[in-house]
1. Report the charge-dipole magnitude of the range B:171-321 in Debye, nearest 20, computed about the Cα centre from +1 at each Lys and Arg Cβ and -1 at each Asp and Glu Cβ.
2. Express the C-alpha Rg of the range B:11-165 as a ratio against the empirical globular expectation 2.2 N^0.38 Å, rounded to two decimals.
3. Binned at 10 Å from 0, what are the whole-percent values of the Cα-Cα distance distribution for the range B:257-390, short to long?
4. Can you give the helix-only mean residue ellipticity at 222 nm for chain A, where every DSSP H stretch with n ≥ 4 adds -39500 (n - 2.57) and the sum goes over all residues, rounded to the nearest 500 deg cm²/dmol?
5. Sort B:355, B:72 so that the residue with the fewest other Cβ atoms within 10 Å of its own Cβ comes first and the one with the most comes last.
6. Given a Förster radius of 60 Å and the C-beta distance between residue B:350 and residue A:245 as r, what FRET efficiency does 1/(1 + (r/R0)^6) yield to the nearest 0.05?
7. Gaussian network model of chain B, Cα springs within a sub-10 Å range: biggest mean-square fluctuation belongs to which of B:292, B:405, B:60?
8. Could you give the Stokes-Einstein D for the range B:135-260 in µm² per second, using the C-alpha Kirkwood radius, 25 °C, 0.890 mPa s?
Amino acid sequence: MAGNLELLGSVLAGAKDEGRAALVGYLPAGFPTIDGAVDAMTAMIEGGCDIVEVGLPHSDPVLDGPVIQTADDIALRNGVRIRDVIRTVGEAHARTGAPILCMTYWNPVDRYGVERFAADLAEAGGAGCILPDLPVEESEIWRKAAEQHGLATVFVVAPSSRDERLAKITAAGSGFVYAASLMGVTGTRESVGQEARALVERTRSTTTLPVCVGLGVSNASQAAEVAAFADGVIVGSAFVKRLLDAEGDTEAGLAGLRELAGELAEGVRTAR
Amino acid sequence: MSSDFFIPDPEGQVPSAEGYFGAFGGKFIPEALVAAVDEVAAEYEKAKADPAFAAELEDLLVNYTGRPSALTEVPRFAEHAGGARVFLKREDLNHTGSHKINNVLGQALLTRRMGKSRVIAETGAGQHGVATATACALFGLECTIYMGEIDTQRQALNVARMRMLGAEVIAVKSGSRTLKDAINEAFRDWVANVDRTHYLFGTVAGPHPFPALVRDFHRVIGVEARRQILERTGRLPDAVAACVGGGSNAIGLFHAFLPDESVRIVGFEPAGHGVATGEHAATLSQGEPGILHGSRSYVLQDEDGQITEPYSISAGLDYPGVGPEHAYLKDVGRAEYRAVTDDEAMRALRLLSETEGIIPAIESAHALAGALDLGRELGSDGLVLVNLSGRGDKDMDTAATYFGLYDQRSDEGAK
């Protein structure tokens with residue numbers, strides 16, 4: 001069975017047709033519990049997310065700030081395995097029909113087996129993968145497997161990426177391009193600066209792929225600000241924080257996710 | 001005649017352009033760090049071609065560090081090594097007390113060439129942190145050192161030394177709270193502050209070019225030792241030995257001997273409580289290939305690619321990865337890697353102290369324990385060269401507790 005790369009493309013195109021940016025939410029699998037993660041992702045989509053990224057928790061999340069590190073630690077203590085992550089992707093897609101991506105560090109994929117990971121993710125109905133510590137130069141083995149199984153390869157670009165590298169990266173990617181709004185790790189920020197707008201403009205000049213912006217976006221007004229110049233707004237830590245703040249109260253946690261997704265969805269619709 | 005001090009990768013012993021030693025190495029880093037890592041590589045290539053860089057580094061190594069370091073024969077210690085002759089390369093006598101200063105001074109010069117004003121570093125036992133804080137004081141650079149919380153406790157003396165030198169020391173409370181987590185936190189800092197910050201990486205791991213760059217700055221150890229032992233004994237050693245955590249002192253000693261086919265090259269990893277207990281950090285003996293901290297090498301990990309928590313009595317060896325060139329040397333069979341337990345290392349530490357008046361670091365004591373075995377295997381004609389990578393002052397609290405050296409009465413008096 002081929003992955004849902006095309007579904008991802010059509011959802012992003014649909015948002016564009018509506019004259020708005022898409023809303024992409026992130027949560028790690030295994031958090032708050034292995035089975036509860038699917039409910040959480042469903043709540044995010046019911047609340048207004050168009051796309052969900054499922055994090056594969058890692059023992060050494062070098063690119064994540066304290067909020068996602070905490071969630072990853074909880075997920076790993078819950079005993080989450082790669083097979084659970086793939087099952088979570090599959091169930092979230094089956095329940096909602098939304099495109100679901102996997103986001104993870106490279107070592108778990110390398111260890112699981114690149115071909116096997118791509119095949120299992122596609123079989124479950126996944127739409128693609130974001131591998132932030134796999135630079136384009138090392139990515140050929142993954143891209144071959146992803147292409148064969150109908151999965152998107154979403155590369156991250158950063159404000160420090162020079163123009164010639166942007167062209168090389170976007171030429172190798174598919175689905176969309178993940179533009180990091182700032183130089184730093186994941187986490188909520190007071191403001192999302194002009195760096196992000198400049199990076200989106202530079203990225204657009206190299207590709208026709210949609211460009212979605214992540215890192216630091218946590219509320220409706222930031223989402224609106226970013227949606228004014230990007231094709232999608234990616235929110236992670238703010239969702240994780242809602243669940244952490246609920247301190248194990250499942251209903252309150254899900255309500256918090258729906259509420260935040262609703263506010264952000266409103267934000268991406270009021271931008272222009 | 002060229003100097004001993006800075007002879008980067010002669011005879012083509014270099015990684016590929018992509019930073020690979022065989023199947024190991026590479027550059028697995030986030031896009032946000034690519035420009036900075038490429039800048040380090042480019043600046044290093046320029047420095048290698050600049051005679052002024054080599055001259056300035058040599059001046060520092062001679063007049064600040066005190067190189068060349070001595071080569072000391074240890075006959076009373078060697079009586080316990082099957083009668084073989086044992087020589088120690090005395091990196092413990094360098095300024096700051098370990099080999100780490102060799103690499104730090106080289107990278108501090110690179111930092112200045114790149115126009116950066118701030119340096120960050122990770123440290124396990126604190127030796128790299130102390131050396132980095134020292135160089136930052138010397139060069140007038142702002143300095144932040146990341147150290148696992150457990151290590152700040154067991155190496156409290158080095159924390160105080162770093163602060164005395166003007167560095168900020170941040171105790172890292174995530175994960176296993178040891179060296180691996182200190183590196184994670186340093187990478188997080190670097191991503192956010194890369195414009196003005198150089199990450200002064202302390203071992204021969206990490207993304208390309210660090211494994212080659214750090215090695216080149218430590219090659220002086222083996223280059224000197226090879227010349228010294230030829231002068232003293234008229235022949236090459238039968239075996240060279242060093243402890244391996246990340247592997248910087250080991251590669252520094254080994255590299256000059258790689259072309260000498262008659263010389264056995266042996267690295268000693270920490271077996272902790274014994275590899276069978278699972279409480280160890282014997283990455284090359286027990287790990288499997290994977291990616292950690294920017295390169296492919298052997299890694300201690302589970303079947304899902306999660307890094308497993310290492311253990312060693314030695315904070316400097318308590319790391320679940322290892323430099324990619326060691327992984328390559330293991331796989332091609334040029335070097336062998338064995339594991340030494342906490343207890344074996346501590347016995348060797350005490351033996352060297354009592355027979356030769358030299359208190360080694362617990363890290364280096366792993367190599368000494370290994371050398372005792374190598375000597376017995378080689379017999380009375382054998383000649384073993386050991387890298388004494390650091391001195392043991394920092395470990396006195398751990399050692400005194402281990403051997404019960406504290407005065408019971410004064411303990412009680414303090415209560």
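Values in this text are rule-based calculations from the coordinates and carry no lab data. Just so it is clear, the structure is predicted and the values come from calculations on it, not from any experiment. Cβ sites come from the backbone with ideal geometry, for glycine too, and all protein chains shown count toward neighbours.
1. Working: 13 positive and 18 negative charges, 117 e Å.
Taking the Cα centre of the range B:171-321 as origin, the dipole is about 560 debye.
2. On the way: Rg = 18.5 Å, N = 155, 2.2 N^0.38 = 15.0 Å.
So the range B:11-165 has a normalised radius of gyration of 1.23.
3. Over the range B:257-390, the share of Cα pairs per 10 Å bin runs 13, 40, 35, 12, 1 percent.
4. Numbers: 12 runs with 137 residues, N = 272.
Taking each H run of at least 4 residues, the total per residue is -15500 deg cm²/dmol.
5. On the way: B:355 15, B:72 18.
Lowest to highest Cβ neighbour count: B:355, B:72.
6. 0.65
7. B:405
8. Details: Rh = 16.7 Å.
So the translational diffusion coefficient is about 147 µm²/s.
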